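Since every read-out is calculated from the coordinates, none of them should be taken as a lab result. These figures come from a predicted structure and were not determined experimentally. Here Cβ is always computed from backbone atoms with ideal geometry, including for glycine, and neighbour counts include all displayed protein chains.
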Amino acid sequence: MARRKKVYEGKAKILYEGPEPGTLIQYYKDDGRAGATPPQAAVEGKGVLNNRLSEFFMSGLNSIGVPTHFIRRLNMREQLVRMAEIVPLEVVVRNFAAGELSTRLGIPEGTALPRPIVEYYFKDEKLGDPMVAEEHIIAFGWASQQDLDDIVALALRVNDFLSGVMMGIGIRLADFRLEVGRIWEGDFMRLIVADEISPDSCRLWDTRGTEAPDREGVTREPGPLADVYTELARRLGVLPSNVTHTTKPTLIN
Ligand code: ADP
Ligand code: MG
């Protein structure tokens, strides 16, 4: 049997040629931990959970008419997707101040923003994915004004969907990042959600137990979820039953 062709290997995933033209197989690795700069050690089992989680979000989006690259999950670590021409931008949607927005503009982390804010970062790791304005994107031909209008509409629909799903399980979606790709249908081009939607692309805060003041009368602020991959999968009910959670051998004597 011929060996399948590796198309690309990134930090978190490997892309293989798919079984039909215009398709790709995404293999989810355990490397490339959420939000880590510089990259950190692998988290055992992360790839299995992100494969499930991205399937959950992408198929949910497909079912409400938001186009994504997701076709179907193949196994524990792989899914079949439509090959897209990736727009070289990371599209970030923010609902609450955090990270770079807080440091750059001096807005305290956790502040609710008056409306969702969409930002663009040029996808170039060597340059550290610098933030860019619409002017740069259009002048350098990364996307047209029409594409950007479509990208904002797409990003805001994804935001509403994800925020709602998260809210239902006691999680606040502070911000997330999307990749968008082009697919061609005859002479027509469509923009679709590509890459992955998982804890590696979302900033998630736990709101469970933050509503009521504790015994000292202090209300807990929403904070990061501990063991975010497992906890998110558990609350969404997508934990694969045949995953054995790796408990390290313990010394009993
Ligand atoms: P990186 O280290 O570059 O973030 P990843 O490990 O996340 O890479 O691998 C995913 C790569 O695949 C990214 O470069 C992403 O742009 C690309 N990609 C994601 N979805 C698609 C798709 N549907 N078609 C083509 N390329 C894709
Ligand atoms: Mg990536």
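Cross-link candidates for LYS123: which lysines have Cα within less than 23 Å, leaving aside residues fewer than 8 places away along the same chain? Cα-Cα hits under 23 Å: LYS6, LYS11, LYS13, LYS29. Between ILE25, ILE14, ILE171, the GNM of the chain built on Cα springs shorter than 10 angstrom shows ILE14 fluctuating the most. Between TRP184, TRP142, TRP205, the GNM of the chain built on Cα springs shorter than 10 angstrom shows TRP184 fluctuating the most. Distances between every pair of Cα atoms in the chain, grouped in 10 Å steps from 0 to the bin holding the largest one, split as 6, 28, 36, 21, 7, 2, 0 percent. Across region 84-123, the residues whose backbone nitrogen lies under 18 Å from the label position 7 Å along the beta-carbon direction of THR219 are 96-97, 108-114. For trypsin sites (Lys or Arg not before Pro), the sites in region 159-243 that DSSP calls loop and that have at most 10 other Cβ atoms within 10 Å are ARG215. Applied to region 80-94, the Karplus parametrisation 6.51 cos²θ - 1.76 cosθ + 1.60 on θ = phi - 60° returns per-residue 3J(HN,Hα) values of 8, 10, 7, 6, 10, 8, 5, 6, x, 10, 9, 9, 10, 10, 10 Hz, with x for Gly and Pro. The string of couplings for region 101-107 from the Karplus curve (6.51, -1.76, 1.60, θ = phi - 60°) is 4, 5, 5, 5, 10, x, 9 Hz, one whole number per residue in order, with x for Gly and Pro. Put a plus charge on the Cβ of each Lys and Arg, a minus charge on the Cβ of each Asp and Glu, and nothing anywhere else: the dipole of region 105-253 about its Cα centre is then about 640 debye. Relative to the Cα centre, the charge distribution of the chain, modelled as +1 at Lys and Arg Cβ and -1 at Asp and Glu Cβ, gives a dipole magnitude of about 900 debye. Based on the Kirkwood radius over alpha-carbon pairs, what value in µm²/s does the Stokes-Einstein equation return for the translational diffusion coefficient of region 85-234 at 4 °C and 1.567 mPa s? The calculation lands on 77 µm²/s. Ordering PHE161, TYR27, TRP184 by the projection of their Cα atoms onto the charge dipole of the chain, which places +1 on the Cβ of Lys and Arg and -1 on the Cβ of Asp and Glu, puts TYR27 at the extreme positive end. Each of ARG77, ARG104 has some number of other Cβ atoms within 10 Å of its Cβ, and from fewest to most they run ARG104, ARG77.
For region 25-167, treating each Cα as an identical point scatterer without solvent, what Debye log10 I(q)/I(0) comes out at q = 0.09, 0.10, 0.12, 0.18 1/Å? Computed log10 I(q)/I(0) values: -0.34, -0.42, -0.62, -1.44.
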